[in-house]
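One structure below.
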Amino acid sequence: MKPSEALFNRDLYELEYEYLQEFFSTSKDENLYLEFKSYDARGAYKEKEDTIKKAVCGMLNSEGGIIIWGAPIETRDENKNTVAIGELTPFASALDRDKLINILSSSIIPLPVGIRVQALQNENQDSVFVIEVEKSPEKPHQFDNRYYIRLDGQTRIAPHYLISALMKGINFPVLTGHLRLKQISNDGRNNILLYFRNVLFNTSAFNNDINVQKRIVTSKGQLLINGEYHDLMYFNTMPLLSHGAPTSLDFILQIPAAHAQGELTIVFQFGGEKSPSKMSTYKYRFERFMFGNVADESIYLVKKKENSLPKSDHMDSMRNVEDVLNS
């Protein structure tokens, strides 16, 4: 399935300007496969075009995706994630579909394939460009002598170990991990019980990961998992994580009521033999507890950062967890 079909439920060349306006009538989050580039008339045009080339290069070296040039102005939500909603930012341009493809293709080395562009125009003939990038079989690609990759929902300069792996033809499975607060109760013995669901996905088709390690670390309390208590940390290894077969774990965090109020940080760290280590970090603040099912955990969440790479490679992964918990 092409990225446009997965995101819009239609082929790229079936998109219309009005459809894209409707698409952004509700808030949309940037992610591994979707990047927003609003257009600001201020500043040099070349810098704007170079930003698009970097984004295309990053998606070629990752899992592919969609770039919307002329998206609504990006903002940050309460969890610091990039979101877009509202009016598009079309701009006057002499570019058409073929010209933009030629500009992108001629700027990226080696010559990329699998780039498609749809130019959408409003009644004033101003344009929004939707760029579809398929995962490249010829990676790594570079633009302006730099390698880019799509990480943490952002286009970044690729770290050395990823460039090395790409040059050796190693394809990383892309893992994403999430944690959600589902329920709050007490046990009648002066303990608050927080019920969580932990889910781990392999989003890469035909690329299984093996020996996947997962660690859940909490700043306070005991983890009750599969009938066993774990003080502050739980560790487990899975022999295989396949595309289309996510793993789910329900667990309870038990905290003495006298210490339950205030801030709580939980870090979910994961990575396999073939994939880089990542962390999803959640910081909650509990002033009071409403027992029962939690329909919207955002009333307790003060910070959420999912699927980020540790500050360095695997060597200091545990140090990164401690940094987060002590921050």
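The values are calculated or read from the model by the stated rules, or taken from the named source; none is laboratory data. Here the structure is a predicted model, which is why all the values come from computation and not from measurement. No Cβ is skipped: glycine too gets one built from the backbone with ideal geometry, and neighbour counts run over all protein chains shown. The area values use the complete protein model at the heavy-atom level, side chains included, leaving out ligands, DNA and RNA. Shrake-Rupley method; radii C 1.70, N 1.55, O 1.52, S 1.80 Å.
Using θ = phi - 60° and the Karplus relation 6.51 cos²θ - 1.76 cosθ + 1.60, list the HN-Hα couplings for the stretch 220-233 in order, rounded to whole Hz, with x at every Gly or Pro.
Coupling constants for the stretch 220-233: 6, x, 10, 8, 9, 10, 6, x, 10, 8, 9, 6, 6, 8 Hz.
Taking a temperature of 25 °C and a viscosity of 0.890 mPa s, what whole-number D in µm²/s does Stokes-Einstein yield for the stretch 159-247 with Rh from Kirkwood over alpha carbon pairs?
Estimated diffusion coefficient is 157 µm²/s.
Long-range amide H contacts for Ser62: which residues qualify at under 5 Å (H placed 1.01 Å from N, peptide plane, sequence gap of 5 or more or a different chain)?
Correct list: Ser136, Arg150.
Can you give me the relative contact order of the stretch 9-118 as a percent, contacts being Cα pairs under 8 Å and 6 or more apart?
Normalised by residue count, the contact order of the stretch 9-118 is 32 percent.
For the chain, count the residues as N, evaluate 2.2 N^0.38 Å, and divide the Cα radius of gyration by that value, please.
Numbers: Rg = 21.9 Å, N = 327, 2.2 N^0.38 = 19.9 Å.
Here the answer is 1.10, to two decimals.
Grab the eigenvalues of the alpha-carbon gyration tensor for the stretch 214-312, scale each by 5, take roots, and send me the semi-axes largest first in whole angstrom.
Result for the stretch 214-312: semi-axes of 25, 16, 14 Å.
At 1.4 Å probe size, with every protein chain present, just tell me what the per residue accessible area of the stretch 1-137 comes to in Å². Show your work: numbers first, answer last.
Numbers: 6600 Å² over 137 residues.
Computed with neighbouring chains in place, this is 48 Å² per residue.
Could you tell me how far the Cα centroid of the stretch 216-293 sits from the Cα centroid of the stretch 95-111, in Å?
The stretch 95-111 and the stretch 216-293 have Cα centres separated by 45 Å.
Starting from the Cα of Glu74, step 7 Å toward the Cβ, then list every residue of the stretch 97-136 with an amide N under 16 Å from that point.
129-131
Which length gain, in nm to one decimal place, applies between Met238 and Ser105 when the Cα-Cα distance is subtracted from 0.36 nm times their residue separation?
Details: separation 133, 0.36 × 133 = 47.88 nm, distance 4.06 nm.
Gain on stretching Met238 to Ser105: 43.8 nm.
Where does the Debye-calculated log10 I(q)/I(0) of the stretch 63-131 sit at q = 0.17, 0.18 Å⁻¹, using only Cα point scatterers of equal weight, no solvent?
Per q value, in the given order, log10 I(q)/I(0) is -0.73, -0.80.
Using a Gaussian network model of the chain whose springs link C-alpha atoms within less than 10 Å, name the residue from Lys46, Lys99, Lys274 with the highest mean-square fluctuation.
Judging by the Gaussian network model, the answer is Lys46.
With θ taken as phi - 60° and the coefficients 6.51, -1.76 and 1.60, list the Karplus ³J(HN,Hα) couplings across the stretch 105-117 in order, rounded to whole Hz; mark glycine and proline as x.
5, 6, 9, 10, 10, x, 3, x, 10, x, 9, 10, 10
Taking amide H positions as placed 1.01 Å from N in the peptide plane, with prolines and chain starts having none, which residues 5 or more places from Gly221, or on another chain, fall under 5 Å of its amide H?
Here nothing satisfies the definition.
Considering amide H positions built from the backbone, and no H for Pro or chain starts, which residues 5 or more places from Tyr39, or on another chain, come under 5 Å of its amide H?
HN-HN under 5 Å from Tyr39: Gly70, Ala71, Thr89.
Dividing the alpha-carbon radius of gyration of the stretch 55-101 by 2.2 N^0.38 Å (N being the number of residues), what value is obtained? Display every interim value, and only then the final one.
Details: Rg = 13.6 Å, N = 47, 2.2 N^0.38 = 9.5 Å.
Scaled against compact globular proteins, the figure is 1.43.
Using Cα pairs closer than 8 Å and at least 6 residues apart in sequence, work out the relative contact order for the chain, in percent. Spell out each step's value before the answer.
On the way: 718 pairs, mean separation 47.4, N = 327.
Relative contact order comes out at 14 percent.
Applying the Karplus parametrisation 6.51 cos²θ - 1.76 cosθ + 1.60 with θ = phi - 60° to the phi angles of the stretch 194-199, what ³J(HN,Hα) value in whole Hz is obtained for each residue in order, glycine and proline being reported as x?
10, 9, 10, 10, 10, 10
Probe radius 1.4 Å, ligands and nucleic acids ignored: give me the carbon and sulfur share of the accessible area of the chain as a rounded percent. Provide the component values of the computation, followed by the final result.
Numbers: 7910 of 16130 Å².
With neighbouring chains kept in place, the figure for the chain is 49 percent.
Given the whole protein assembly as supplied and a 1.4 Å probe, what does the accessible area of Lys303 come to in Å², nearest 10?
Here the residue's solvent-accessible area equals roughly 100 Å².
Can you pull the percent of Cα pairs in the stretch 22-141 with separation above 23 Å?
Tail of P(r) above 23 Å: 29 percent of Cα pairs.
If I ignore ligands, DNA and RNA and count only protein heavy atoms, how much of Asp29 is accessible to a 1.4 Å probe, in Å² to the nearest 10?
Around 80 Å² of this residue is reachable by solvent.
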